[in-house]
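Comments concern the structure below.
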């Protein structure tokens, strides 16, 4: 039974996840961001900012293009840290898994509920 659930989840993910792992220059901090290598890179590991360019992970189908600013980080026992971004243009809230090379001190700082997030 567990295998069928896993297969169904994987099929759904294949439909909505497109690997798009390219280097880029962060529009917020200006640092060169290398490809992640093991998944799609969707935010800067230095400042944790991103761009609102996806509807589904990696599809680059969003017309918004606003900057996604990290507002909060939620620890997750299975997934590690989850970064909650808010778009500065449209106000959309997006959740992304952290990457292995993300700034750990910034991730920890953003787990504090008193970090000013609204």
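Being at pLDDT 70 or above and surrounded by fewer than 16 Cβ atoms within 10 Å (Cβ to Cβ) is the requirement here; does residue 25 meet it? It is true that residue 25 is at pLDDT 70 or above and surrounded by fewer than 16 Cβ atoms within 10 Å (Cβ to Cβ).
Taking segment 67-100 as the range and being in a loop (DSSP other than H, G, I, E, B), in contact with a strand residue (DSSP E or B) (Cβ under 6 Å, 6 or more places away or on another chain) and modelled with pLDDT of 95 or more as the test, only 88 passes. For first residues located in segment 69-91 and without any contact (Cβ under 8 Å) to a residue 24 or more places away in the chain and at positive phi, partners that are part of a strand (DSSP E or B) and surrounded by 15 or more Cβ atoms within 10 Å (Cβ to Cβ) and lie 6+ apart or on another chain with Cβ distances below 9 Å form the pairs 80/97. All of 37, 30, 58 fail the test of being out of contact with any strand residue (DSSP E or B) (no Cβ under 6 Å at 6 or more places or on another chain), surrounded by fewer than 12 Cβ atoms within 10 Å (Cβ to Cβ), assigned to a loop (DSSP other than H, G, I, E, B) and at pLDDT below 95, apart from 37.
The values are calculated or read from the model by the stated rules, or taken from the named source; none is laboratory data. Nothing here was measured: the structure is a model prediction, and the numbers come from that model. Cβ sites come from the backbone with ideal geometry, for glycine too, and all protein chains shown count toward neighbours.
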